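Let me begin by presenting the structure, written as structure tokens, before commenting on it.
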Amino acid sequence: MTDRYASFARSGAGRFLVKRLGLPDPPRLRRYEQGDEFGPVALGGAGRLAEPSRHILDKLPVAGRGAEERTAALVFDASGITGSAGLSALYEFFHPVIRSLRPCGRVIVLGSPPELCTSAREATAQRALEGFVRSVGKEVGRGSTAQLVYVAPGAEEATESTLRFLLSGRSAYVSGQVIRIGPATVDVPDDWDQPLVGKTAIVTGAARGIGAAIAAVLTREGAHVVCLDVPAAGEDLSRVANELKGTALQLDLTAGDAPRRLADFIATRHVHADVFVHNAGITRDKTLGRMDEAQWSAVIDVNLESQERINDVLLAENLLGGNGRIVSVSSVAGIAGNRGQTNYATSKAGVIGLVQATAGAVAERGLTINAVAPGFIETRMTAAMPVFVREGGRRLNSMSQGGLPVDVAETIAWLAHPASGGVNGNVVRVCGQSLLGA
Ligand code: NAD
């Protein structure tokens, strides 16, 4: 659905009114295109992450190295800050340059996970970085983003896929996030543009909306994608799978034999899957007192229990290849709660619980499990909302607009990346830094 307000605000008359009346001003976001280049990056700070980061940044295709080019990204290594007084280094680095950041620019602060710091003073200072980054995200505007990446000691070399994602247009609608990277053996792809060549990905709920976008992005990244959806969506499912030269798999995830059928499908057709994306989801909105039992249980069953049942069989029967990835789609509703969505928010908070509770066991097998939590994404689901609710959802974030299915898909592709082995147990919001649950 088109965002008529955004189109108007970008027109000549609209620009005038938006400025004059101080109305929300949705910028045109820079999204990834093949051959995308990074702009000039300024790197500051002097901790254990500065050198590895410089090494990574030196490898990136950088556009416009000329002196006249405005800085596209500011990256600051704050891992050397061991007490609150040292936080002034943030001010010293960012204050002179922050206003000259290009539209759709990037701010990335690298730090040490507070829980792994050796002193309370250091942990305090590292925790303080969250407030800094979230505020910068709200200040920079014009489509720019700000993120904090906590890198555990020993994980210095595991940051490349994350830095590439955050610096690029792939992270257009991700801002104000705190990402944790732990030590991992990093599987560096031959081709960073096609890291999933030779791999099989399964995407549930792929017949339309966000699922179809995930299938398309994973295909672009080189994967063979198995598109799974209910038999009733068979026609759309075949169309999506055919366009992507993937495979269509009709399966109702709530059927008693679904885990068995899925396991047999993987074992016989592909031996194993490399990426499994739990995207299928439903809503049955009603306030709690008016919700019938079937509406409650259908949502918990599709959105949460089916993921648990499938993960159980994937792990029990070793159906994920080495360096395999599970990515679950949660929702900002699972973080903030939402009126009329007790069932949905419970299921989506449960998905976060599932990811966090299983990350340790999954890591022991060399796999990862993470969740994305989309905010307001332009889909059929959000198009059906009452106009005021829809407008509120669109504007109450740092981008003053809804995200697109591709924004969720790009984030999932980063988590599914073979070089993202250090990113485990994370919940990353794709919400344009929504004020809900912030
Ligand atoms: P959608 O309704 O357009 O697509 C969901 C797909 O899941 C459909 O194709 C549907 O047939 C499939 N599905 C439902 N039940 C199934 C079952 N039992 N077995 C197999 N497939 C089943 O929804 P969407 O907007 O694309 O959302 C995709 C995911 O993103 C969902 O998990 C949703 O909760 C989540 N999400 C969406 C938004 C948003 O703004 N659209 C925001 C936050 C989270």
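Please treat every number below as a calculation from the coordinates, not as lab data. Not measured: the values here are computed from a predicted model. Cβ sites come from the backbone with ideal geometry, for glycine too, and all protein chains shown count toward neighbours.
Indicate the gyration tensor shape class of segment 200-430 (rounded, prolate or oblate), computed on the Cα atoms with a ≥ b ≥ c the square roots of the eigenvalues: a/c under 1.5 is rounded; otherwise a/b larger than b/c is prolate and the rest oblate. Working shown, then result.
On the way: a/c = 1.41, a/b = 1.39, b/c = 1.02.
The shape class here is rounded.
With 30 Å as the limit, write out which pairs from 199/348; 19/138; 59/348; 59/199 have Cα-Cα distances beyond it, or answer none. Kindly include the intermediate steps, with their values, before the conclusion.
Details: 199/348 28 Å; 19/138 18 Å; 59/348 38 Å; 59/199 25 Å.
Pairs exceeding 30 Å: 59/348.
For segment 162-276, give the magnitude of the charge dipole about the Cα centre (Cβ charges: +1 Lys/Arg, -1 Asp/Glu; no others), in debye to the nearest 20. Working shown, then result.
Values: 11 positive and 13 negative charges, 39 e Å.
Dipole size: approximately 180 debye.
Please compute the modelled spin-label separation between residue 121 and residue 263, points set 7 Å along Cα→Cβ, answer in nm with one decimal.
5.5 nm
Please give the FRET efficiency for residue 282 paired with residue 191, using the beta carbon to beta carbon distance and R0 = 45 Å, rounded to the nearest 0.05. It would help to have the intermediate numbers written out before the result.
Values: r = 37 Å, r/R0 = 0.82.
That pair, residue 282 with residue 191, gives E of 0.75.
Once you've got the GNM for the chain with C-alpha springs shorter than 10 Å, pick whichever of 93, 388, 76 has the biggest mean-square fluctuation.
Taking springs between Cα atoms under 10 Å, the residue moving most is 388.
Taking neighbour Cβ counts within 10 Å as the exposure measure, how do 348, 286 sort from fewest upward? List each step's numbers first, then the result.
Values: 348 28, 286 15.
Starting with the residue having the fewest Cβ neighbours, the order is 286, 348.
Starting from the Cα of residue 84, step 7 Å along the direction of its Cβ; do the same at residue 235; then give the gap between the two resulting points in nm.
If labels sit at residue 84 and residue 235, their model points lie 6.5 nm apart.
According to a simple spin-label model (label point 7 Å from Cα along Cα-to-Cβ), what is the distance in nm between residue 33 and residue 243?
The modelled label-to-label distance comes out at 2.0 nm.
If exposed GluC sites (Glu not before Pro) are those in a DSSP loop with at most 13 other Cβ within 10 Å, what is the longest stretch of the chain that has none?
On the way: sites that count: 33, 37, 68, 69.
In the chain, the maximal stretch lacking such sites is 70-438.
For segment 28-181, what is the Kirkwood hydrodynamic radius in Å, using each pair of distinct C-alpha atoms? Kindly include the intermediate steps, with their values, before the conclusion.
On the way: mean 1/r = 0.0647 Å⁻¹.
Computed over segment 28-181, the radius equals 15.5 Å.
Let me check against my output: what whole-number percent is the relative contact order of the chain, with C-alpha pairs under 8 Å and at least 6 apart? Could you put the intermediate results ahead of the total?
Numbers: 914 pairs, mean separation 69.0, N = 438.
Relative contact order here is 16 percent.
Any chance you could run the full-extension gain for residue 388 through residue 58? It's 0.36 nm times the residue separation minus the Cα-Cα distance, nm to one decimal.
On the way: separation 330, 0.36 × 330 = 118.80 nm, distance 4.67 nm.
Taking residue 388 through residue 58 to full extension adds about 114.1 nm, to one decimal.
Using 20 Å bins from zero, what percent of all Cα-Cα pairs in the chain falls into each bin?
Binned Cα distances yield the sequence 26, 58, 17, 0.
So, with +1 on the Cβ of K and R and -1 on the Cβ of D and E, and no other charges, what is the size of the charge dipole of segment 28-181 about its Cα centre, to the nearest 20 debye? Display every interim value, and only then the final one.
Numbers: 19 positive and 16 negative charges, 114 e Å.
Using Cβ point charges on Lys, Arg, Asp and Glu, segment 28-181 gives about 540 debye.
Taking only DSSP H segments of four or more residues, each worth -39500 (n - 2.57), what value at 222 nm results for the chain once the sum is divided by all its residues, to the nearest 500 deg cm²/dmol?
Working: 16 runs with 163 residues, N = 438.
Result for the chain: -11000 deg cm²/dmol, rounded to the nearest 500.
Just add up the charged neighbours of residue 183: K/R +1, D/E -1, any other residue whose Cβ is under 12 Å from the Cβ of residue 183. Mind showing how you got there, number by number?
Working: positive: 180; negative: 156, 157.
It works out to a net charge of -1.
How much net charge surrounds residue 341 when only the other residues with a Cβ under 12 Å from the Cβ of residue 341 are counted, with Lys and Arg +1 and Asp and Glu -1?
Working: positive: 284, 286, 339, 348; negative: 285.
So the environment of residue 341 carries a net charge of +3.
Net charge around residue 313, counting only other residues with Cβ within less than 14 Å of its Cβ (Lys, Arg = +1; Asp, Glu = -1)?
Numbers: positive: 260, 261, 309; negative: 257, 264, 305, 308, 312, 317.
Value of the local net charge: -3.
Considering only DSSP states other than H, G, I, E and B, which trypsin sites (Lys or Arg not before Pro) in segment 225-273 qualify as loop sites with at most 14 other Cβ atoms within 10 Å? List each step's numbers first, then the result.
Values: sites: 239, 245, 260, 261, 269; in loops: 245.
Sparse-neighbourhood loop trypsin sites (Lys or Arg not before Pro): 245.
With only Lys, Arg, Asp and Glu charged, each at its Cβ (+1 for the first two, -1 for the last two), find how big the charge dipole of the chain is about the Cα centre; round to the nearest 20 debye.
Details: 45 positive and 44 negative charges, 344 e Å.
That gives the chain a dipole magnitude of about 1660 debye.
Based on the Cβ-Cβ distance of residue 364 and residue 23, what FRET efficiency does E = 1/(1 + (r/R0)^6) give at R0 = 60 Å, to the nearest 0.05?
Computed FRET efficiency for residue 364 and residue 23 comes out at 0.70.
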